[in-house]
Amino acid sequence: MAAELHVELVAADRSVWSGEATLVVARTTSGDIGVMPGHQPLLGVLESGPVTIRTSEGGTVVAAVHGGFISFADDKLSLLAEIAELADEIDVERAERAFERAKSDTDSAAERRADVRLRAVAVH
Amino acid sequence: MGAQLRVYKRRIQAVTATKKITKAMEMIAASRIVKAQRKVTASMPYATELTRAVTAVATGSNTRHPLTTEAESPVRAAVLLLTSDRGLAGGYSSNAIKAAEKLRERLAAEGKEVDTYIVGRKGVAYYGFRERKVVESWTGFTDSPEYADAKKIAAPLIESIQKDTAEGGVDELHIVFTEFVSMMTQNAVDGRMLPLSIDEVAKESTEKDEILPLFDFEPSAEDVLDALLPRYVESRIYNALLQAAASEHAARRRAMKSATDNAGDLIKSLSRLANAARQAEITQEISEIVGGAGALADASAGSDK
């Protein structure tokens, strides 16, 4: 069996996803980072962006993460985010509406949030 | 119906109505405790992971961050007090206020000025009535706080701790809230959020002497700590808000349960009195009839003779 790492994706008010994975790709403030089993212990600051988790069953889980941290040690990876949503949970129409609205209001923070959501769905 | 009896009947009716209300409030509070407790549990993974991360950075690097080092001569401290928006919860709010007063005295004895921040209408009313200065207050969400509320509260606190004390900033951040121990026990406690005392945090997160690995920081230890600490404060406040909400519901349930019990006792004793009054009325009526019949009999017997 290939090496696995245990992933916990937690938002401030709930645990979003947890399970075994072979690869996790996330965006930190200094660029995208891919974590595989056996990675050096790491603690980084996340940018808002989609996080891709390749599960050990071969599936892919994509989540939109808005800010937070990634911490990895002893093949245990935790993704902490204030807000995190799985791609399946995202309401595309609503995100698109929010995106348009944010664009017209020139609310850059909201625009980015909506953009991240849409990108997470697109990757998915 | 006699006047006495009517008075009792009316009081029984009033108490019965009150009992119905308190019973309903008790049951509502009971159902909300479960919900609030579930929220506390749901927020735990985030809090523990965050505490672990903070400990890792604070112990694993030699970074000296203003938020983790104690000021040499602290002059001002901020106290965040969590009370409830609504009353009818027994001593819930007043216990928290009392704990805050104690903390305030202690800080004053140490020669620190105290800036007060308040959550909940009860605390605001208490301070307002005494015309004490409150830096900022928030109301309207103590029943079921959201993470956004915690963020809203944390923002000015973090801002003031990052400011220089000469410009009105604070050196320390304390929080007073009601800890939820169990359905029957809730304690008003105070704790220091910042500056972090590393030992305490370490004690919380690593119970079984777990050795934390040497982390690789991305982008750097300072930046990570910079980003972590505000989140840590938010998460501590969020956790305190949730526990306080659970405690509030538990306190309300208990207060309403004893109110319901008391109303039951009152109804019982009032019905006893009402029964006695009815009996007395009947007895009086009988004796009046007997007396009247006797008088009639006497009168007619006299005329016969």
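No lab work stands behind these numbers, since they all come straight from the coordinates. Predicted, not measured: the structure shown is a model, and the values here were computed from it. Heads up, the Cβs are rebuilt from the backbone with ideal geometry, glycines too, and the neighbour counts pull from every protein chain shown.
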| query | With each pseudo-label sitting 7 Å past Cα toward Cβ, what's the residue B:300-residue B:14 distance in nm, one decimal? | reply | 4.8 nm
| note | Measuring from the longest principal axis of the C-alpha atoms of chain A, the long axis of helix A:92-105 (C-alpha) lies at a number of degrees, nearest 10, equal to 60 degrees
| request: Give, in nm to one decimal, the length gained when the segment between residue B:279 and residue B:181 is fully stretched (0.36 nm per residue of separation minus the Cα-Cα distance). | output: 30.2 nm
| note | The set of residues whose placed amide H lies less than 5 Å from the amide H of residue B:173, leaving out same-chain residues fewer than 5 positions away, is B:78, B:193, B:194
| field | Check: the range B:102-147 dipole with +1 on Lys, Arg Cβ and -1 on Asp, Glu Cβ, in debye | value | 260 debye
| query | Using the alpha-carbon atoms, what tilt in degrees (0 to 90, nearest 10) does helix A:108-123 show relative to the longest principal axis of chain A? | reply | 60 degrees
| task | For residue B:163, list the lysines whose Cα falls under 30 Å from its own Cα; do not include residues on the same chain fewer than 8 positions away. | result | B:98, B:102, B:112, B:122, B:133, B:151, B:152, B:203
| message | Based on alpha-carbon centroids, what's the gap between the range B:106-145 and the range B:4-36 in Å, whole number please? | response | 32 Å
| message | Tell me the Rg and the Dmax, in Å, that the Cα atoms of the range B:26-257 produce. | response | 18.0, 55
| query | Measuring from label point to label point, each 7 Å out along Cα→Cβ, what is the residue B:155 to residue B:94 span in nm? | reply | 3.6 nm
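Expected output is a single nm value to one decimal: the length gained when fully extending between residue B:101 and residue B:69, i.e. 0.36 nm times separation in residues minus the C-alpha distance. What is it? Don't skip to the answer; put the middle values down first.
Details: separation 32, 0.36 × 32 = 11.52 nm, distance 2.61 nm.
Fully extending the segment from residue B:101 to residue B:69 adds 8.9 nm.
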| query | Helix by helix, which DSSP H runs in chain B go 24 Å or more along their axis at the Cα atoms and have an average Kyte-Doolittle hydropathy of -1.0 or more? | reply | B:3-60, B:92-109, B:221-304
| request: Can you pull the one-decimal nm distance between simple spin-label points at residue B:290 and residue A:56, each 7 Å off the Cα toward Cβ? | output: 9.3 nm
| note | Here the range A:74-88 yields Karplus 3J(HN,Hα) values (6.51, -1.76, 1.60; θ = phi - 60°; whole Hz; Gly and Pro given as x) of 6, 6, 10, 10, 10, 10, 9, 9, 5, 10, 9, 9, 6, 4, 5
| field | Value at 222 nm in deg cm²/dmol, rounded to 500, when DSSP H runs of n ≥ 4 in chain B each add -39,500 (n - 2.57) | value | -23000 deg cm²/dmol
| Relative exposure of A:33, B:118, judged by other C-beta atoms within 10 Å (fewest first) | A:33, B:118
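Summing Lys, Arg as +1 and Asp, Glu as -1, what charge do residues with Cβ under 14 Å from the Cβ of residue B:252 carry, residue B:252 excluded?
Values: positive: B:23, B:32, B:35, B:86, B:122, B:253, B:254, B:257; negative: B:26, B:85, B:143, B:248.
So the environment of residue B:252 carries a net charge of +4.
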| note | Sorting B:156, B:125, B:65 by the position of each Cα along the dipole of chain B (Lys, Arg +1; Asp, Glu -1; all at Cβ), the one nearest the positive end of that ordering is B:125
| field | Translational D in µm²/s for the range B:1-85 (Stokes-Einstein at 25 °C, 0.890 mPa s, Kirkwood Rh from C-alpha pairs) | value | 127 µm²/s
| request: Write out the GluC sites (Glu not before Pro) in the range A:1-68 meeting two conditions: DSSP loop, and at most 16 other Cβ atoms within 10 Å of their Cβ. | output: A:4, A:57
| remark: In order over the range A:38-47: 3J(HN,Hα) from phi, Karplus 6.51/-1.76/1.60, θ = phi - 60°, whole Hz, x for each Gly or Pro, gives x, 5, 5, x, 9, 9, x, 9, 8, 8
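With a cut-off of at most 15 other beta carbons within 10 Å, and DSSP calling the residue loop, which GluC sites (Glu not before Pro) in the range B:28-126 qualify? Please list them. The partial results should precede the final answer.
Numbers: sites: B:49, B:70, B:72, B:101, B:105, B:110, B:113; in loops: B:70, B:72, B:110.
Here the GluC sites (Glu not before Pro) that fit, given the DSSP loop and packing criteria, are B:70, B:72, B:110.
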| remark: Which residues qualify? For residue B:138, with a placed amide H closer than 5 Å and at least 5 residues away or on another chain, they are B:118, B:119, B:120
